[in-house]
Each structure stands twice: as structure tokens, then as C-alpha cells.
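Read the structure below first, then the notes.
The numbers here are math on the coordinates, done by the rules we state, and not lab data. The model shown is predicted, which means the values in this text are computed figures rather than measured ones. Because the Cβ atoms are built from the backbone with ideal geometry, glycine has one as well, and the counts that use them run over all protein chains shown.
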Amino acid sequence: MVKKKTSKKTKKLKLVEKKKTLSEKLNIQDETLYFTIGALLLFVSIFLFAGAFGYSGKVGNFVYDKLFYAVGVGYYLFPALFTILALTFFMSIKKTFTKVKIFASFLFLVSGLGLIELIFQNGGYLGKFVAKIKDFFDKPMSVTFFVILILISLVLLIDKIPKLPSIFKRKEKEIPYTESLSEQEEAKLQKSVPIEIKVNTSQAQKENTDDKKTETEEQEKPKKEKKPFFVTSLSEKKNQEKTLSEKAKNTIYNNKIVLPPLSLLSKDSGKPNAGDVKQNAYLIKQTLASFGIGVEIEGVSVGPTVARYSLKPKAGVKVSKIAALSDDLALALAAKSIIIQTPIPGQSLVGIEIPNRNKITVGAGSLFSSPEFKNSKFALPLAIGKDISGQTTIIGLEKTPHMLVAGATGAGKSVTVHAILNSLLYTHGPDFLKFILVDPKRVEMTLYDGIPHLLTPVITDAKKAILALRWAVNEMERRYEILQEHKLRDIASYHQNVVKKAKEKHKEGEDLPENMPYIVIVIDELSDIMQQFPKELESGIVSIAQKARAVGIHLILSTQRPSVNVVTGLIKANVPTRLALQTSSAIDSKTILDMAGAEKLLGQGDMLYMTGSMPKPVRVQSSFISEDEVKKVVRFIKKAYKNVLEDDINLEGENRDKHAQELVSASSSAIDFESQEDEMDLDPLYADAKAEVIASQKASTSYLQRKFGIGYARAAKLIDILEEKGVVGPQNGSKPREVLVEKEQ
């Protein structure tokens, strides 16, 4: 018997999930359908009301005559009823024609006609028929009965109980959990699921406030209690033409900076729609119950891409059992894929993330205009997107301090990198921030060519990319020498104690200390360079990642091929912050995050990000910035810093004075690749071999073989190079080669 009941209930669940709503059949949004139905109902109400005064034409007069003959003064109940129904569709109440709503409408009309007939004796034939109830009760009791019925019908129509005094309130009775439930118990259980629905509540509340109210006044307001089944929708904030120049971080230089206006970027488009959240919550609870797992729905948070249903397992339930049922839950909910968090970080709840029916596009303009970004205290703030609660997610690159962005082709990796770069361009001028952009694909980073933030034109050649990394290592060592000279520990202390104080005490004619800007190295496709120079690339990345944080040099690496050959163990160990977009397999996800999950993402900027201090990754929807928007920002920056481009940036590496040889300073920013070209053709062991030969005053092929553990061919080549460079003399029969460079004393 138990098996039969379970199979019937499973069959019922399948029928529920296959049933499509009218909006799905018409392929339109629910809000559009609800507004259309509400407008039609309001029109019918106006039509009937105007017909009573002869303003609805022949049709209106005909309808009025027939209805007035049948119901008398009760005719005016019809426009009142249609007005109430219209309001229920305009407001966030019950927006479907359920059997309960049809019954409530009928009850409203019948009880209204009976009340009119009892009081005014003008309820028409139907009113007289209904008023016969006074034959069984006296008139006062009949009037009371009809009034109560009208109140009940109104409550059923709007599906909302008016507030009652606390003495009438009682705690909701908890229904005991059983493996199989009757249909009546199922109905009770469905109604008893308390859900708190939050659709980007924090952001929406901030956007809906009046522009005249200050943030201090908003913080002093008491928080409202959360009500069950109350949905707040997103609203677009008024377009503000203010820039972020007032809050720029490079004020320590006291230089006038010009930052792009927010009007160049688009805001969020559309509103998230999670579908019938109550039905989904009920299906989750019932599906888990069919497997013997009892849970309570604690709340639902609707974000830009997914809705997270928070569950509280009952005592004795292992969360691993819930995690193992992801495929079964996806089947019951008809979802493309779901991700189960066990538990939600910082909460004693299990989270089930279900894709929204309609997702929104997070605009970069919305992120850059958010208070979280404008008031950020990070030196290099990155607005990477919005989380499930709709909050703008900000991370500081100087704290990170290096980042890996990886995902399958078409997952939104390049757009995410563009959003990260523009986060920096919207907060800093070229005196405070410099870029080295590497783009072997020649299609993404080349959009930024010519901006004053670049130390060199966008690099598209793999050999020059390795040279740029070598230059960065040399620059790192040079900066450490400067910090050591001033007895400072990092670049922030240098800016505060050296640059700022020197600027305050500066007198005309005196030299100022070097600004020492932050340097961000962006490599858009790691795999292309790794195929040609795997050892050199890995060595350069590891050298910078291990030591360059304190001197303000940071890496942002990107790849669409997150395999172990590209994202090696050494790179992963030294790049703690990782952004994983949708991957093609769980293996690629484990390569990026050391755990599966990224393969279940939805693409188009849906990602998991994790820093070294986070126990689990967090799901974020990256912002979208179009190619046209990037071009507008670049065009604005070029125009704003036109003179700087002409006077300060040396893109050709022609100036060879002492200041230019330091490779980066306030007045010279070019990287000289020509001086490093010859070294690229040398064996990587050349420098070590040269040092060893000079130190030992011995030069032979067998000696280098033993010393460095290499083969004969490589050792012989090193000897030939040393001979060409004038370090050792030519071969002289059986005698050892002469070392021409004397050992340093």
C-alpha cells in the first residue's frame, strides 16, 4: 500500500512540473501578462459603470437593462468586483484565476445582492431569491451573515489577511513529517510553507530612495520586518552624470585627473523572474520528502541569474544526502542545472540555486555607480559583479593580489576581463596606475591601444610577452631596492611617507621622488604563450606572483583552456584568487577551483569566485560591457589625456638616458624590448653557466654537464655561446679552454 501511494504522489509531482503557465505558452513575461489582464478587467469595470449613465453606447445600454432587471441596484456590484480583480493583478497579490478566486467572486455577488435586497428591497429577482434566507433567520442575523460572507470573499480575492490584534494571533501548527501524505495533508503542507522572498532587496531599496535623502538618514531608519510571500522588485536608479573623480585614490599626487563619466556605460536591463517560487519551494520540499529527507524552507533570495532556496534540514538529516539528490531535484523542478551549497557559508542552512526563468543583464554602469564601489577603501577596487542577493561584489586587487580568470569558450571570460579593466580605469588616472596588456589573439586588448595608462603598446607577440615578464621581474627588484633605501615595507607606505610628504614640502626647482605607480599585467590568453615558452612563462609568473605584491605589481591571467598543462601547479599555488566561469567538464572546474561546480554554471558571465581566505567559492553574475562602451571609454581617456600621451609616453623606446633606463617613472613609461632581444635567443642556463665558469675559472663541456646535470649537446652549445660572447677562449687541442674574464675579488 505504501508503494502505491508513493507512486501516485510521484506521478502527481510529474504532472505539476509539466504544466505550463499561460505566460510560458504565449512566450511573454509574467508582468506583461498580469498588466494586460488587469487593464482589461479595469476596462470592463469602467464600461459597466459608464453604462449605468448611458455613456457606453447601445451595447452598454443593453447590458445595463438586462442586468438591472435581474439584480436591481446590485448592478453596481459588478464594476466594483471587476475593479477589485484588476487591482489584484496590478498589485503583487494573487495573479491567477484560480478556482478559489472564481468562487470568491461568486460569493461576493451573491452575498452583496442578498444584503441589498434586505436593506433597500431593490436587489432584483436574484436578490429576492437570495434574501429568502430571512425566512430561516430573522433580518438582523441575515444581514450579519451576508456582511461576514462579503468580508470572506474579499479576503479570498486579495489573498491577504488583514492585521489582527495580537490576542487573535496564534502560532502556526507544525505538520508532522511522514513519508506518504494524503491529498488533504498535501494541500495543507503546501499552504504551510513560509517563504521570505528577497529580490535584490538591499540594492532595490537603495535605488528606490529619494535622491535628496542622505545615506546617514537611510541607515538610521528601522528595518522593516520581513513578511511571508512579499516580493520586492528591482527598480532602476535615476541616471546620474557624476564621475568618480571626487573619490579617486590618487589624490596623494595632487594632480588633476579626469575620469570617464558613468553615462558612457549602460545600467541593468530587465527584472529577474524566478517563476512561481511558492510552487518551486513546495516541489523541493516534497521531492526531498519522497526520499525520506525532512526540511523546512527558510527563505528565497532572487538574484540576477539564479534564485537560492534556503533549507533547514530536520534533526538527524545528513546534508550529504541532500547534495546527492541534485539530479532528482533538477528533474522535479524542470531546471537546466542546479547547484547545492552544503552549507551556505556563515549560515546553518543548505542552499539550492535554481536558474531564473528570466535573468537580467548586469550593466557595468550599475556596478560603478553603486555605493559599495564609490565608497570602497581598496587602492585597486574591482567590481566583478552582483551576488545572489543583488549586492555589488567588490574585491581589492592589492589584497588579492593576483587573479586567474578561466572558463570555456563563450562563457564570458573576455567580457569579465574588460569589466575588471574598466573598474580600474574608472578609479585611477595614469599617474597612479599602469598596464601591460598581452593579447596573443589580437582582438580584445588591442581596443586599449593608445591610452596613457599603458607602459607599452598592447603586446601581441609571445616572445615580447616573455620579455615583458622579465622586465617586470627587474622592475620588482629595482622597487625593492628603493623601499629598502627608505626602510619601508610596501608601496602603500612609500606613497604615504615619501611621495605625499615630498609633495607637501615641495619647492619650485626641487626634484620630486618617483611616483611608483601600481602596475597591472594582464595576459588575455595564457595557453597561446604557454605552448611556445612554457618554462619561461611559468618562471616569470611565479617570480612575480611570489614577491611583487609589496611593490605594487599584480597579475591578471586569463585562459579558455584550463588544463593542468596551462594552469600548472606552481601557477595555482601562487595565484590564490580565481574566477571560474562555465567549464566544459568537472575536471576543468577542479583545475581552477580545486573542486567541481563550475561545469553547472549557466554561462554568459555566471561564475564562481574564490580568494585565498575563502573556504568555499561564491556565485556571482559578472557585469556586461559591450565593445562600443569600451571604445567610448578609451576615446574619452585619450581625449582627456592628449597632452600626456604626446609628452610623457615613450612608446618606441628611443630615449636612452639614465631616467629612461629605469624603465618606469613619472616621465618615462616605455619598455625597451630591443635591449632584451638578444638574450631571448640564449639558453636559459647561460647566465648561470657564465657565472659558474668565471667563479671556478674552468670551462669544459664535461664540467658543465656534471655541474648542471644536462646533456652533452646542451653543454657544448653553452660553451660555444660563451666563446662567442668572449667569456672563454677557443679550443686548444687537449688543453682546457682559457677563461678570458677574471674572477671578481
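Based on other C-beta atoms within 10 Å, arrange E504, E475 from fewest to most. The partial results should precede the final answer.
Numbers: E504 9, E475 21.
So the residues, fewest neighbours to most, are E504, E475.
Quick check: pseudo-label points 7 Å beyond the Cα along Cα→Cβ at K128 and E296, how many nm apart are they?
The two pseudo-label positions are separated by 5.8 nm.
Taking the Cα of K547, stepping 7 Å toward and past its beta carbon, and measuring to each backbone N in region 438-472: which are under 13 Å?
470-472
Let a ≥ b ≥ c be the square roots of the eigenvalues of the Cα gyration tensor of region 24-162; is it rounded (a/c under 1.5), or, if not, prolate (a/b larger than b/c) or oblate?
Here region 24-162 falls in the oblate category.
If each residue's Cβ is checked for other Cβ atoms within 10 Å, how do S563, S301, S622 rank with the fewest at the top?
Taking fewest neighbouring Cβ atoms as first place, the list is S563, S301, S622.
Measuring from label point to label point, each 7 Å out along Cα→Cβ, what is the K505 to E627 span in nm?
Modelled inter-label distance: 5.3 nm.
Convex hull over the alpha-carbon atoms of region 682-745: what's its volume per residue in Å³?
In region 682-745, the Cα hull volume divided by residue count equals 80 Å³.
Measure off 7 Å from each Cα along the Cα-to-Cβ vector at K377 and T36, then give the distance between these two points in nanometres to one decimal.
If labels sit at K377 and T36, their model points lie 5.2 nm apart.
Are there chymotrypsin sites (Phe, Trp or Tyr not before Pro) in region 340-391 that DSSP marks as loop and that have at most 16 other Cβ atoms within 10 Å, and which are they?
On the way: sites: F368, F373, F378; in loops: F378.
Qualifying residues, ordered by number: F378.
If you stretched the chain out fully between L87 and K336, how much longer would it get, using 0.36 nm times the residue separation minus the C-alpha to C-alpha distance?
Working: separation 249, 0.36 × 249 = 89.64 nm, distance 3.45 nm.
Between L87 and K336, full extension yields an extra 86.2 nm.
So what are the radius of gyration and Dmax for the Cα set of region 96-161, in Å?
For region 96-161, the Cα radius of gyration and maximum Cα-Cα distance read 12.4, 38 Å.
Could you sort out which of K278/K616; K278/K314; K413/K639; K336/K359; K399/K616; K535/K707 sit more than 22 Å apart by Cα distance in this structure? Mind showing how you got there, number by number?
Working: K278/K616 28 Å; K278/K314 20 Å; K413/K639 29 Å; K336/K359 14 Å; K399/K616 18 Å; K535/K707 20 Å.
Exceeds cut-off: K278/K616; K413/K639.
Based only on other Cβ atoms within 10 Å, what is the fewest-to-most ordering of M595, M610?
Ordered by Cβ neighbours within 10 Å, fewest first: M595, M610.
Largest first, please: the extent of the C-alpha atoms of region 404-527 along each principal axis, to the nearest Å.
Its Cα atoms span 53, 28, 25 Å along the three principal axes.
Could you give the length gained by full extension between K535 and A492, i.e. 0.36 nm per residue of separation minus their alpha carbon distance, to one decimal place?
12.3 nm
Taking the Cβ of T460 as the center, what net charge do the other residues with Cβ under 14 Å away carry, scoring Lys and Arg +1 and Asp and Glu -1?
Summing Lys/Arg as +1 and Asp/Glu as -1 gives -3.
Work out the count of Lys pairs in region 24-162 where the Cα-Cα distance is under 18 Å, with the pair 8 or more places apart or on different chains.
Here the count comes out as 8.
Hey, what do the phi angles of region 691-701 turn into as Karplus ³J(HN,Hα) couplings, whole Hz, using 6.51/-1.76/1.60 and θ = phi - 60°, x for Gly and Pro?
For region 691-701, the Karplus curve yields 5, 5, 5, 5, 5, 8, 6, 10, 9, 7, 5 Hz.
Using the beta-carbon distance between D135 and F53 and R0 = 45 Å, what value does 1/(1 + (r/R0)^6) give for FRET efficiency, to the nearest 0.05?
According to the calculation, E is roughly 0.80.
T460's amide H: which non-local residues (gap 5+, or another chain) put their own amide H closer than 5 Å, with H modeled 1.01 Å from N in plane and none for Pro or chain starts?
D439
For E738 and A315, calculate 0.36 nm times their separation in residues minus their Cα-Cα distance, and state this gained length in nm to one decimal.
Taking 0.36 nm per residue and subtracting the Cα distance, the gain is 144.0 nm.
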